[in-house]
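Report on the structure given below.
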Amino acid sequence: MTCVKTTIKANGHTTDSSVAVTSGNSASDRYALKLVRVFSVTRERGKTYDPQTGYVLVETYESGAFGMILLEYKGKLLESCSLPPGASAGT
C-alpha cells in the first residue's frame, strides 16, 4: 500500500501530490501517485470549498486493479497514513 500526501483544491482537483510512505515497490508507488494526480472530486455548483491537505492510501494489485481510501468522516482527507477505524484495504 502506498500513502500519498495531496491537496484537494477548491475546484476539486489534486495538487502538490507526493509519496509520503512507500509500498516498497517503485512501480506501484508511481502508479499510485499517477492515480491521485488525475483524481478529481465533484463539487456542487454554487458552494465555496476550502482546499484541504491530507493523505490517500492506494493499494495496487498485479492485475492492474487498485483500491483507494481517501476520505473519512464528513468528507475530510485522511489525517495520516493509517487506516481509519473500521476501514478495510481495497475499498
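Once the cut-off is 18 Å, how many percent of the Cα-Cα pairs in the chain end up in the long-distance tail?
Details: 1678 of 4095 pairs.
Here the long-distance tail beyond 18 Å is 41 percent of all Cα pairs in the chain.
Based on the convex hull around the alpha carbon atoms, the range 1-43 presents an average projected area of 2.7 nm². Note on VAL38: accessible area is roughly 110 Å² with a 1.4 Å probe, heavy atoms of protein only.
Divide by every residue of the chain the summed helix terms, -39500 (n - 2.57) for each DSSP H run of at least 4, and state the resulting mean residue ellipticity at 222 nm, rounded to the nearest 500 deg cm²/dmol.
Working: 1 runs with 13 residues, N = 91.
Rounded to the nearest 500, it is -4500 deg cm²/dmol.
Any chance you could count the Lys pairs in the chain whose alpha carbons are under 18 Å apart, treating pairs 8 or more apart or on different chains as valid? Don't jump to the answer; show the numbers that get you there.
On the way: LYS5/LYS34; LYS5/LYS76; LYS9/LYS34; LYS9/LYS47; LYS9/LYS74; LYS9/LYS76; LYS47/LYS74; LYS47/LYS76.
Close lysine pairs under the 18 Å cut-off: 8.
Evaluating 6.51 cos²θ - 1.76 cosθ + 1.60 at θ = phi - 60° for every residue in the range 16-24, the Karplus couplings come out as 6, 7, 8, 6, 8, 9, 6, 7, x Hz, glycine and proline recorded as x.
Suppose a student asked you for the relative contact order of the chain, using Cα pairs under 8 Å spaced at least 6 residues apart; what percent would you report? Show your work: numbers first, answer last.
Values: 167 pairs, mean separation 26.4, N = 91.
Value for the chain: 29 percent.
What angle, in degrees between 0 and 90 and rounded to the nearest 10, separates the Cα long axis of helix 26-38 from the longest principal axis of the Cα atoms of the chain? Once rounded, one gets 20 degrees. Name the most mobile residue of THR22, THR42, THR53, meaning the one with the largest mean-square fluctuation, in a Gaussian network model of the chain with Cα contacts below 10 Å. Per the Cα network of the chain with a 10 Å cutoff, THR42 tops the list.
The slack in the chain from ARG37 to TYR61, taken as 0.36 nm per residue of separation less the alpha-carbon distance, amounts to 6.8 nm.
The values are calculated or read from the model by the stated rules, or taken from the named source; none is laboratory data. Predicted model only: the values in this text are computed from it and were never measured. Heavy atoms of the whole protein, side chains included, go into the accessibility calculation; ligands, DNA and RNA do not. Shrake-Rupley method; radii C 1.70, N 1.55, O 1.52, S 1.80 Å.
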